[in-house]
1. What helices (runs of 4 or more DSSP H) lie completely within region 205-294 and have 2 or more residues being of a type in the set (D, E, K, R)?
2. For region 237-254, what are the residues that are within 16 Å of LYS220 (Cβ to Cβ) and modelled with pLDDT of 95 or more?
3. Can you tell me how many residues within region 335-359 are hydrophobic (A, V, I, L, M, F, W, C) and more than 11 Å from ARG380 (Cα to Cα)?
4. Collect the residues in region 305-343 that are more than 19 Å from the chain's Cα centre (by Cα) and among the aromatic types (Phe, Trp, Tyr), keeping them in residue-number order.
5. Which members of region 171-183 meet the condition of being outside any strand (DSSP E or B) and either basic (Lys, Arg) or within 17 Å of MET123 (Cβ to Cβ) (or both)?
6. Assigned to a helix (DSSP H, G or I) and either aliphatic (A, V, I, L, M) or open to solvent by less than 20 Å² (accessible area, probe 1.4 Å) (or both): does that describe LEU312?
7. Does ALA337 meet the test of being open to solvent by less than 10 Å² (accessible area, probe 1.4 Å), touching a residue at least 24 places away in the same chain (Cβ under 8 Å), of a type in the set (A, V, I, L, M) and closer than 29 Å to VAL99 by Cβ?
8. Which residues, counting only those in region 283-304, are under 22 Å from the mean Cα position of the chain (by Cα), under 25 Å from ASP97 (Cβ atoms) and in contact (Cβ under 8 Å) with a residue 40 or more places away in the chain?
Amino acid sequence: MVSKGITILGASGSIGVSTLDVLARHPERFHVYALTAHSNVEKLFEQCQQFQPRYAVMVDPVAAAVLEKRLQAADSDVVVLAGAEALDAVASSPDTDYVMAAIVGAAGLLPALAAARAGKRVMLANKEALVMSGQLFIDAVREHGAELLPIDSEHNAVFQCLPSDGKNGVEKILLTASGGPFRTWAASDLHDITPEQAVAHPNWSMGQKISVDSATLMNKGLEVIEACWLFNLPAERVEVVVHPQSTIHSMVSYNDGSVLAQLGNPDMRTPIAYALGWPERLASGVAPLDLFTTARLDFERPDMARFPCLQLAYDAHTRGGYATIALNAANEVAVKAFLGREIGFTDIPLLVKDVMQQASAGTPMNLDDILIQDEESRARSVSWIKNKKIH
């Protein structure tokens with residue numbers, strides 16, 4: 001068996017850590033070619049010591065210099081590279097077979113696209129890549145013979161439940177959502193939510209940004225857009241179902257009345273192992289689901305009045321790619337401002353809606369137009385925050 005070279009974009013984050021945990025269980029099948037992080041020297045140093053990649057990339061050049069000194073002092077052969085361009089280089093390298101695209105936010109688009117254009121197996125944990133450049137990204141996958149495997153637990157679950165010929169007989173996709181930490185809260189109580197409360201997800205261990213997105217249901221909205229691109233379905237055939245236990249990760253409804261579901265404990269190592277081994281299944285280290293302990297499964301419709309970000313995502317996808325770029329950019333700025341206590345929790349959808357409505361109609365078909373819309377939307381979001389402070 002030929003060992004596959006793996007590049008992990010975003011190795012210091014929760015997905016990166018979980019990926020390395022799975023890889024460590026299969027040393028005969030995989031080796032780490034490159035690990036990347038933005039500026040977390042300590043975590044990347046530890047990972048380099050354990051997995052000995054050929055390259056370590058730090059986007060922050062100051063952090064890269066610090067990491068290089070530490071590795072040299074440890075007598076390591078790992079080569080340190082710096083800057084965003086180095087992300088593209090390791091993602092598209094001939095020595096990389098599989099790329100785990102786990103950089104959060106718009107920053108993950110370019111290296112993931114570079115991997116697709118290089119014909120890699122792209123294990124996509126960065127939903128923003130498809131939200132921002134859906135048609136462009138899918139076209140790159142098809143034109144360059146890449147493999148696109150979803151890592152989000154919901155999309156991975158759908159992928160496992162789909163027929164081998166794509167979507168024959170599929171009526172709709174049912175994306176499950178935990179509902180976040182404020183599922184049962186009254187609308188009047190949402191205004192005073194603190195960042196600490198918003199990042200305390202009831203089921204999943206995630207980074208701050210995605211935890212806030214889960215609390216607003218924007219994360220599910222982005223997943224709806226991603227699902228439309230991944231599975232080539234219109235938004236009206238992608239339905240969100242609130243399922244507080246997070247035991248069913250998603251379902252596929254068929255025209256014969258069947259509904260297939262993928263169940264498991266809420267642990268990202270399951271979809272990661274599935275993508276690494278596909279079409280085989282690999283041991284992930286995740287304990288089997290005990291249905292007797294789970295005992296019950298509850299379902300409810302999402303409340304889009306209390307959590308308008310989900311409806312905004314549906315609206316953005318209907319309007320086109322410029323709107324989804326604006327939605328994503330505005331949300332990233334809004335979440336950062338909320339975590340920095342510059343705006344309130346209920347300001348997030350207000351900001352996103354305002355900026356999204358200013359986006360051009362239609363869908364951009366080149367990278368420059370995508371990045372221009374992203375930059376303009378971020379500038380409008382910053383201006384929105386400043387004007388709110390003034391008033």
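1. Details: elements: 208-216, 218-231, 269-277, 291-294.
Fully inside region 205-294 and qualifying: 208-216, 218-231.
2. Residues satisfying the conditions are ARG237, VAL238, GLU239, VAL240, VAL241, VAL242, HIS243, ILE248, HIS249, SER250, MET251.
3. Keep residues of region 335-359 that are hydrophobic (A, V, I, L, M, F, W, C), which gives 335, 337-339, 343, 345, 348, 350-352, 355-356, 359.
If we keep only those that are more than 11 Å from ARG380 (Cα to Cα) as well, we get 335, 337-339, 343, 345, 348, 350.
Residues in region 335-359 being hydrophobic (A, V, I, L, M, F, W, C) and more than 11 Å from ARG380 (Cα to Cα): 8 in total.
4. PHE307, TYR322, PHE338
5. Going residue by residue through region 171-183, those that are outside any strand (DSSP E or B) are 178-183.
The one that is outside any strand (DSSP E or B) and either basic (Lys, Arg) or within 17 Å of MET123 (Cβ to Cβ) (or both): ARG183.
6. Details: assigned to a helix (DSSP H, G or I): yes; either aliphatic (A, V, I, L, M) or open to solvent by less than 20 Å² (accessible area, probe 1.4 Å) (or both): yes.
Against the criterion (assigned to a helix (DSSP H, G or I) and either aliphatic (A, V, I, L, M) or open to solvent by less than 20 Å² (accessible area, probe 1.4 Å) (or both)), LEU312 qualifies.
7. Numbers: open to solvent by less than 10 Å² (accessible area, probe 1.4 Å): yes; touching a residue at least 24 places away in the same chain (Cβ under 8 Å): yes; of a type in the set (A, V, I, L, M): yes; closer than 29 Å to VAL99 by Cβ: no.
Here the answer is no, as ALA337 does not meet what is asked.
8. SER284, GLY285
The values are calculated or read from the model by the stated rules, or taken from the named source; none is laboratory data. Computed from a predicted structure; not experimentally measured. Methodologically, a virtual Cβ is constructed for each residue, glycine included, from the backbone with ideal geometry; neighbour enumeration extends over all protein chains shown. The accessibility values were calculated without ligands, DNA or RNA, using every heavy atom of the protein model including side chains. Shrake-Rupley method; radii C 1.70, N 1.55, O 1.52, S 1.80 Å.
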